[in-house]
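The values are calculated or read from the model by the stated rules, or taken from the named source; none is laboratory data. Small disclaimer: the values here were computed from a predicted structure and weren't measured. Neighbour counts run over all protein chains shown; Cβ positions are idealised from the backbone, glycine included.
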Amino acid sequence: MAEVSPFTEGDLREPAGVRSFERGQGYRHAVTGIEITAGRTSPGTTTTGRS
């Protein structure tokens with residue numbers, strides 16, 4: 001069962017910018033979580049061997 005994200009696509013697209021957001025779509029398989037500390041968003045990642 002997939003977890004429900006507290007973030008909408010717009011919540012992530014706006015601070016990233018369109019170009020970075022769209023590039024990041026290719027890395028979704030590597031993100032295992034997201035952590036927000038002191039106003040900064042940091043993705044949790046794993047090494048999958050995929051590029």
Review point. Somewhere in region 6-14, is a residue in contact with a Leu (Cβ under 7 Å, 6 or more places away or on another chain) and at pLDDT 75 or above?
Key: no
Review point. Looking at this structure, is THR41 part of a loop (DSSP other than H, G, I, E, B) and modelled with pLDDT under 70?
Key: no
Check your understanding: For region 7-27, which residues satisfy the criterion of being of a type in the set (Gly, Ala, Ser) and part of a helix (DSSP H, G or I)?
Key -> GLY10, ALA16, SER20, GLY24, GLY26
